[in-house]
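To keep things clear, I will list the structure first and then write my remarks on it.
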Amino acid sequence: MLVALFNDQFVDMVGETTKEEWYLKNKSGKLRCPVCQNRVIPKCGTKKTWHFAHHSFEECDGIHEGETDYHLLGKKGLFRWVTQMKGKTILEYYIRDIKQRPDLFLKENQHAIEFQCATITPEDLSKRISGYQSQKIASDWIFGMKRIKQKGPDLYVMNSSDLSAAKKDSNGHLYLNYYCPLKEQFFLLRNIIPLSQKKVAAHGHAFSAKQCCDVQWLSRTFSNLETHNLNHIILWKKQKTTWRTTAFKNISPAVMYIKKVLYFNHHSLTLFPSIAGIPTTNFYHIETSPYLWQTYILFLMEKLPLSLFSTCFIEKEFQRLLDKRIFQTRDFPYLKESWRDAVENYLSYLVDHHLLEKVSVGTYRKLQHVHYPKTLDEALKLDEIFSEKS
Ligand SMILES: [Zn+2]
C-alpha cells in the first residue's frame, strides 16, 4: 500500500519524503495502517516501488500485501494523472461501511477508480460494484495492460472475467479501459464484440496519460473507421467457419447437448443454419457461443406443433439448460440487460428476416421452415450472405 498514518495524519509514498525520513518515522513506531491501526513498515528498496507493508500477518480488511510492483506503479501513475485535474483525489481511501478501499477516490464526484492487475472473479467484481452503489459511489475499473494481448488487426485476447467490468457507451457498444504504468499510457478498448471465451474483436486507442485531460476520457467514444467495421465482419465470419469446422471435436456440455438434439433429428452441428451464429444485439449476455443457443432456438421453433409460440416458452427452456449448466450466461454488473434480452433480440432478428412474425408482445408466429445447409460449401456461402446482412 502507498498510504499510512503517522501521528494520526495521512502520509503517502507518492510525495518527496526521503528514505532517511521514512526510516526515522519508522523508528518512532508511529507508522500505522489506516485500516487496522497495526504497525506498518516503509519499504524503500531499489527493486520495487516504495510502499508500506504490515509488520506481521495480522488480519487486515484493507489487505494490500502481495501487491505487485506493476500494481503499485500503476496506482502511483494514475494518482498523478487524476491529481492534475480539478478536485480532491484520495489514494487508497478506506470506506469503512462497506470495507472497501478503492485505489483512487475522487471526493467531489464520489467516484471510485480501481486499477486491476490480478484476476477478479465476476462474483467479486459484482459484489464490489454493488458495494459502491450502496454508498451512491460511481465506479470504474481500469485493467493493467498486461492483461490484454493484441493478436491481429482489431483482434485481442483477454481474461474472460475482465469482460464483466465492461460498460456500454452512448451507442450501446461495450467498452473497457487499460493502463500501462511503464509507458504511462491509456489503452481504450471500444466496440468490443466477444468472439469466444477469451477472444474479442475490438478497436483499441492508445493515448499518453497527458493527452487524457479528464476522467471523462474513460467513457470516451470514437467515430468508427470503415476498415474497423470491416475487420469486425471478417473476424466474425472467420469465427463462424471455426465453429463449423471444429464442432466435431468440441466436447463442451453445450456442444454435446446440441449435437445430440440435432443428431436425433437428422442434422449435424457442422451444418447448423446460417441464420444462427449471428452477433445480434446483446448476444454476449449468453456466454455459450451464439451458434449453439441460436441453433437451439431454431430447433425449438421447428418442433412446435403449432405455428404460434411465446417468448416465455423459449425462456423456460433456456432456464432449464442454464440450471443444468449446459448453457452459461455472462454477468455484467454495470449493464441492465440480461440473457433474456439476448433471446428477445434474436427473435426480433428472425422477424426482420421473415422467419417469424410478431403477433403481439411476447407472441410470435412461424412463417417459414428453417433451412439447414446440405454441404459445408453451401453453409459457407450462406454464411457469407448473412454476414453482409447482419
Ligand atoms: Zn492493516
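Every number in this text was worked out from the coordinates using simple rules, so none of it is lab data. Here the structure is a predicted model, which is why all the values come from computation and not from measurement. Counting neighbours? That spans all protein chains shown, and the Cβs are built from the backbone with ideal geometry, glycine included.
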How would you classify region 1-157 from its alpha-carbon gyration tensor, with a ≥ b ≥ c the square roots of the eigenvalues: rounded for a/c under 1.5, else prolate if a/b is greater than b/c, otherwise oblate?
-> prolate
Debye intensity ratio in log₁₀ form over the Cα atoms of region 238-277, taken at each q of 0.14, 0.15, 0.19, 0.32 Å⁻¹ | -0.27, -0.31, -0.50, -1.23
Helix axis angle, 339-352 relative to the chain longest principal axis, alpha carbon, degrees | 40 degrees
Per its Cα gyration tensor (rounded if a/c is under 1.5, else prolate when a/b beats b/c, else oblate), region 239-389 is best filed as rounded
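If I take R0 = 56 Å and measure r between the Cβ atoms of Lys27 and Ser219 in this structure, what FRET efficiency does the formula 1/(1 + (r/R0)^6) give, to the nearest 0.05?
Working from the Cβ atoms, E equals 0.75.
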Compute the acute angle (0 to 90°) between the alpha-carbon long axis of helix 122-134 and the principal axis of greatest extent of the alpha-carbon atoms of the chain; round to the nearest 10°.
-> 60 degrees
How much length, in nm to one decimal, is gained on full extension between Thr329 and Gln37, taken as 0.36 nm per residue of separation minus their Cα-Cα distance?
-> 100.9 nm
Distance in nm between pseudo-label sites at Leu182 and Leu308 (7 Å out along the Cβ direction from Cα) | 6.4 nm
Over 25 Å (Cα to Cα) among Lys238/Lys259; Lys198/Lys303; Lys47/Lys99; Lys149/Lys237 -> Lys198/Lys303; Lys47/Lys99
Using 7 Å Cα-to-Cβ label points, what is the Lys260/Thr375 separation (nm, one decimal)?
-> 3.3 nm
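Gain in length, Asp61 to Glu317, computed as 0.36 nm per residue apart minus the alpha-carbon separation, to one decimal in nm? Walk me through the intermediate numbers first.
Numbers: separation 256, 0.36 × 256 = 92.16 nm, distance 4.28 nm.
Extra length available between Asp61 and Glu317 comes to 87.9 nm.
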Scattering from the C-alpha atoms of region 1-65 alone, worked out with Debye: what is log10 I(q)/I(0) at q = 0.12, 0.14, 0.27 1/Å?
-> -0.25, -0.34, -1.31
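So what is Rg over Rh here for region 68-224, counting just Cα atoms and using Kirkwood for Rh?
Rg/Rh for region 68-224 comes to 0.94.
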Rounded FRET efficiency, nearest 0.05, which uses the C-beta distance separating Gln135 from Asn109 and R0 of 22 Å = 0.95
May I ask for the angle, rounded to the nearest 10°, between helix 253-263 and the longest principal axis of the chain, with both axes built from Cα atoms and the value confined to 0 to 90°?
-> 0 degrees
What's the FRET efficiency of Asn345 with Arg80 using the Cβ-Cβ distance as r and R₀ = 41 Å, to the nearest 0.05?
-> 0.45
For the chain, what Kirkwood radius comes out of the mean inverse Cα-Cα distance, in Å?
-> 23.7 Å
Loop-resident sites, region 1-110, for GluC sites (Glu not before Pro), counting at most 16 other Cβ within 10 Å (DSSP) = Glu16, Glu58, Glu59, Glu65, Glu108
By average C-beta atoms within 10 angstrom, highest first, the peptides 70-81, 262-273 | 70-81, 262-273
To the nearest 20 debye, what is the magnitude of the charge dipole of region 68-224 about its Cα centre, counting +1 on the Cβ of each Lys and Arg and -1 on the Cβ of each Asp and Glu?
-> 120 debye
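Rounded to the nearest 20 Debye, what is the dipole magnitude of the chain about its Cα centre when Lys and Arg each give +1 and Asp and Glu each give -1 at the C-beta?
Here the chain has a charge dipole of around 500 debye.
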